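For reference, the structure discussed in these notes is given below.
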Amino acid sequence: SIAETVDNEEDLEPRAPIVTVMGHVDHGKTSLLDYIREENVIAGESGGITQHIGAYGVQLDNGQKIAFLDTPGHEAFTAMRARGAQVTDIAIIVAAADDDIMPQTKEAISHAQAAGVPIVFAINKIDKPTANPDKIKEGLAQMNLLVEDWGGKIQSHDISAKFGTGVKELLEKVLLEAELLDLKANPDKPATGTVVEAYLDKGRGYVSTILVQAGTLRVGDYVLAGPRHGKVKAMQDERGNDVTEAGPSTPVSILGLDGAPQAGDKFNVFEDEREAKSIAAKRTQLQREQSVRTQKT
Ligand code: GDP
């Protein structure tokens, strides 16, 4: 049994928002994520984020932090949701100002709405001579989504992901939205969270990027992630620096699992290694049975 402890109000501390970037293909999701990754370095550290680990944390000049899921597109979002993982606090939906509201823009909006995740619109490519941000805002209004400068409550900001124009202000609006959500977690308990991605590295073995959502993960903890388990041998942040612990809303890649869990798998820390192993074995057995069943049908 995996006990989900109920936290006392006084044990909860503010945590950074976890943000996903969605939108129509070619509207600039990757460009925005890249710009943010390259421009926002943790205070006091030089150089940008060096590793692609599927998620990264940034700290703005004012000290506030945001964790980004660095997998553009709503496939990641829906894959995680399909596995019951609710990771995203806020969705940035990118819409190119030189284009219309496109099918995947609408899809992204419905995904966010279905998940009850607030949206901040990034009206992108405003550097282009053909850009017409008002056309996008009008299109949104027709969908009953009134952005602030059209008299509504939904945050939006005109940006150029290519040149970085407006990105800082966009992130400030994300933080404003986060404030309304009053995001909190208890850092003083065994870590729980969600797997973002995992792969086999020839030299290092299985590398899993996980997002700690509550509690604190430490090197040496025994982790169960989906059907995979193992003792955390090492942890690294998105800069490739070794870290010994990771608190709520922190993405880290971990070494030590016996295989690659799937994106959206939940993870827990176990005091009792045998219990983790026995649950892992049951889950593996269940997966085998399920795959046999799907092969038959
Ligand atoms: P994605 O498919 O949503 O991830 O879109 P990309 O980030 O790959 O961008 C698609 C294309 O649009 C690329 O050629 C980008 O260089 C370009 N692009 C993205 N953002 C901007 C922008 O703000 N201004 C201009 N002019 N081009 C952009």
**Residue that is surrounded by the most Cβ atoms within 10 Å (Cβ to Cβ) [pool: residues in segment 143-185 that are among the basic types (Lys, Arg) and assigned to a helix (DSSP H, G or I)]** = 173
**Complete:** Among 212, 219, 207, the single one that is of a type outside the set (Phe, Trp, Tyr) and crowded, with 23+ Cβ neighbours inside 10 Å is 212
**Filter result for residue 136 (within 14 Å of the ligand (Cβ to nearest atom) and part of a helix (DSSP H, G or I))** = yes
**Prompt:** Within segment 122-133, restricting attention to residues that are of a type in the set (S, T, N, Q) and surrounded by fewer than 21 Cβ atoms within 10 Å (Cβ to Cβ), which residue is farthest from the ligand (Cβ to nearest atom)?
**Reply:** 132
**Request:** Tell me, please, whether a residue that is of a type outside the set (Phe, Trp, Tyr), part of a strand (DSSP E or B) and surrounded by 17 or more Cβ atoms within 10 Å (Cβ to Cβ) can be found in segment 113-120.
**Result:** yes
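Conditions tested, residue by residue: (1) of a type outside the set (A, V, I, L, M, F, W, C); (2) within 16 Å of the ligand (Cβ to nearest atom).
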| residue | (1), (2) |
| --- | --- |
| 143 | no, no |
| 149 | yes, no |
| 167 | no, yes |
| 171 | no, yes |
| 183 | no, no |
| 193 | yes, no |
**Request:** Can you give me the number of residues within segment 24-35 that are over 14 Å from the mean Cα position of the chain (by Cα) and more than 6 Å from the ligand (Cβ to nearest atom)?
**Result:** 4
**Request:** Take segment 52-110 and flag every residue that is under 20 Å from residue 155 (Cα atoms), in contact (Cβ under 8 Å) with a residue 12 or more places away in the chain and away from the ligand (no atom under 16 Å from the Cβ).
**Result:** 60, 64, 65, 66, 67, 88, 89, 90
**Asked** Yes or no: residue 71 under 21 Å from residue 250 (Cβ atoms), not charged (D, E, K, R) and not in a strand (DSSP E or B)?
**Response** yes
**Request:** Among the residues of segment 231-249, write down those that are in contact with a Lys or Arg (Cβ under 9 Å, 6 or more places away or on another chain) and touching a residue at least 24 places away in the same chain (Cβ under 8 Å).
**Result:** 232, 238, 244, 245, 246, 247, 248, 249
**Prompt:** Checking residue 119 against (1) among the β-branched types (Val, Ile, Thr); (2) closer than 19 Å to residue 71 by Cα; (3) within 14 Å of the ligand (Cβ to nearest atom), which test does it fail?
**Reply:** (3)
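No value in this document is a laboratory result; all are computed from the given coordinates. Since this is a predicted model, take the numbers as computed values, not measurements. A quick note on method: Cβ atoms are made from the backbone with ideal geometry, for glycine too, and the neighbour counts reach across all protein chains shown.
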